[in-house]
Structures are given as structure tokens and as C-alpha cells.
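Read the structure below first, then the notes.
The values are calculated or read from the model by the stated rules, or taken from the named source; none is laboratory data. Since this is a predicted model, take the numbers as computed values, not measurements. Methodologically, a virtual Cβ is constructed for each residue, glycine included, from the backbone with ideal geometry; neighbour enumeration extends over all protein chains shown.
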Amino acid sequence: MVSVTSPTGGVVVVGSTNADLLVGVATHPVPGETVLGHGMRVMSGGKGANQAVAAARLGADVAFVGAVGDDEFADAALAGLRSAGVDLAALAVAPGHRTGIAIVTVSDDGENSIVVVPGANAAVDEALVGAHAGLVTGAATVVLQGEIPRAAIEAAARTTRGRLVVNLAPVLDVDEDVLLRADPLVLNEHEARLVAAALDVPAGDGDEPLVRGLLARGVRSVVLTLGPRGALVGQGGDVTAVPAPRVRAVDTTGAGDAFVGALAHGLARGDGLVDAARTAARVGAYAVRSPGAQASYPSADDELPPVPS
């Protein structure tokens with residue numbers, strides 16, 4: 001029985017961790033086409049781990065609930081979490097499982113194409129969340145994504161007593177209560193339209209009607225990420241545009257996760273949602289300026305790119 005009834009602080013991320021196999025290409029191949037790559041690196045990744053590292057590098061106290069396999073990719077997957085000082089006491093090693101793998105191709109214009117093999121992330125289940133229920137209950141902010149099984153997402157949402165950040169990426173079928181508990185629900189444009197359809201929300205024309213539709217449906221708050229255009233933040237009756245800095249994108253891999261991790265850090269330290277999103281947009285812009293996901297994230301001492309006035 002969990003005895004903690006109120007959050008005590010920090011960020012807990014319940015999510016995925018992968019080893020990213022990063023390959024550069026001039027352009028992405030079309031079906032049936034073979035292209036030559038230039039270089040291959042193995043880097044730390046996974047949406048959950050990315051978000052945990054982003055928050056920790058900015059100064060948040062972060063714990064991670066996740067799983068890796070007992071294979072040669074586990075150390076690569078965990079290197080970024082360890083380097084950032086994330087608490088891994090709730091990490092499981094799943095015997096007989098392969099560590100999650102993401103095969104990432106990055107074109108010369110910075111756009112990426114990703115294939116994810118979940119592997120040991122399937123072991124992030126309801127039982128694992130239950131085993132660390134006290135950790136989740138005591139967090140000021142809990143972060144969830146769509147790269148782990150539905151049962152774990154739903155169990156973590158039920159267990160959360162602090163602020164729940166749900167980044168339903170990729171979109172999967174979860175109990176409606178998860179979406180209505182989210183504060184905020186963080187989605188990109190494509191994901192937002194899928195969630196709107198699942199909730200029978202008219203998509204409307206344009207981004208703001210979509211945000212307002214989700215709010216009217218009962219979602220507590222919404223952050224709609226728009227890439228280089230920044231984000232829209234919806235709460236109560238207000239929708240606020242948050243601009244992004246203008247930067248040259250080298251690699252967009254993990255930029256959305258940098259945004260979510262920075263957002264969670266801001267909320268955990270008491271920032272308002274709009275202010276947290278303003279900082280998160282700058283962190284996301286910082287991340288696209290160099291290759292990889294976690295390796296591109298800023299620390300608290302790094303200067304973030306400014307938003308044009």
C-alpha cells in the first residue's frame with residue numbers, strides 16, 4: 001500500500017530507452033531505392049530516456065522507470081542517462097530480451113526517418129510501475145510517452161499525484177482517462193489529429209481550433225508542438241502562441257523530447273505552463289543544431305538561442 005499522498009518534488013519519467021543507430025544520408029531513399037550512407041554512430045536514445053536526460057541536464061532531479069536487455073546495446077542505451085546523473089534505481093534488466101533499438105537516418109537537410117524495435121521496452125509493464133509506485137506517487141512531475149505498453153501508461157497515470165505530462169508519441173490506444181488527466185497533453189500536429197479523432201473532437205481548420213477542441217472535450221491543458229513555428233499552449237479558455245528561435249537544423253532527432261524534458265523541468269520547479277513552454281521551445285531549437293538526441297541537449301550553463309523580437 002502506498003502511503004505517500006502528496007508530491008515531494010523532482011521528475012519521474014516512465015518510459016522507453018533505446019540504443020540509436022544513427023546513419024547520415026544525402027536524401028532519404030524512396031521505396032525500392034538504395035542510397036549510400038556517410039558514417040554510422042551508436043548513441044543513447046529512446047523517447048523516455050531522452051526526456052529524462054533533457055530535464056536532468058537542465059538541473060532537474062530525475063528518476064527513470066524503464067528497462068533494457070541483457071545484451072551488447074544496454075550500455076550504449078544507458079550512457080546518456082548515467083552521464084546526466086539520472087537515478088536508475090528503478091531500471092529493470094529484462095533477461096533474454098534485446099535492448100530497444102532505433103535505426104535513424106538523417107538527411108543532409110536535417111530531417112530524420114526512424115524505425116524503432118521496442119525490445120526490452122515491452123518489459124516496462126504494469127508490474128514494473130507497481131513495484132515503484134511510491135517513486136511515481138512522490139514526484140512533482142511524472143512524464144509518460146507512447147513507446148511503452150498501454151498498461152504501464154495507464155498504471156502510471158493512475159498512480160500519479162503530482163503533475164502528469166503525457167506525450168502520446170507515438171499515438172496508441174489508451175484509456176480516455178489518461179488523456180483527461182494529462183496536464184498538459186503534449187502532441188505534434190499529426191498526433192493531435194489522431195487523438196482528436198479518438199476523442200470525437202472535430203479537428204476544424206488550423207491549429208488553434210484543434211487545441212480548443214481538445215480543451216472543450218475535457219483535456220486539462222494542451223501543448224501543440226509546431227517544430228520551427230514553436231508551439232501553442234492551451235489552458236482554461238486561453239490559447240497562447242509560443243515562438244521558436246530561428247536556427248539552422250543539423251539533425252531534428254530528439255528535438256521534441258528535448259522540448260518535453262525541458263517542459264517537465266520547468267513545471268517541476270514551479271514555472272507556469274506558458275513560461276515552461278517558452279523555455280522548452282528554446283531548448284528544442286538548441287538541440288537541432290548538432291547531431292543525435294541526448295548528445296545535443298543543453299546543460300543549465302549553456303546559452304539557449306534567443307527568440308526573435
Which of (1) over 23 Å from Gly162 (Cα atoms); (2) crowded, with 17+ Cβ neighbours inside 10 Å does Thr27 not meet, given it meets every other one? (2)
If Val219 satisfies all but one of (1) at pLDDT 95 or above; (2) closer than 21 Å to Val104 by Cα; (3) more than 15 Å from the chain's Cα centre (by Cα), what's the number of the condition it fails? (2)
Of Ser309, Ser299, which residue is polar (S, T, N, Q), touching a helix residue (DSSP H, G or I) at 6+ places or on another chain (Cβ under 6 Å) and assigned to a loop (DSSP other than H, G, I, E, B)? Ser299
Could you look through segment 86-119, keep only residues that are in contact with a helix residue (DSSP H, G or I) (Cβ under 8 Å, 6 or more places away or on another chain) and not in a loop (DSSP other than H, G, I, E, B), and pick out the one that is surrounded by the most Cβ atoms within 10 Å (Cβ to Cβ)? Gly100
Within segment 72-85, is there a residue that is at pLDDT below 95, part of a strand (DSSP E or B) and surrounded by fewer than 17 Cβ atoms within 10 Å (Cβ to Cβ)? no
Matching residues in segment 242-272 (surrounded by fewer than 22 Cβ atoms within 10 Å (Cβ to Cβ) and in contact with a strand residue (DSSP E or B) (Cβ under 6 Å, 6 or more places away or on another chain)) number 1
Of the conditions (1) on the phi < 0 side of the Ramachandran plot; (2) in contact (Cβ under 8 Å) with a residue 40 or more places away in the chain; (3) in contact with a Pro (Cβ under 7 Å, 6 or more places away or on another chain), Leu263 satisfies every one except a single condition; which number is it? (3)
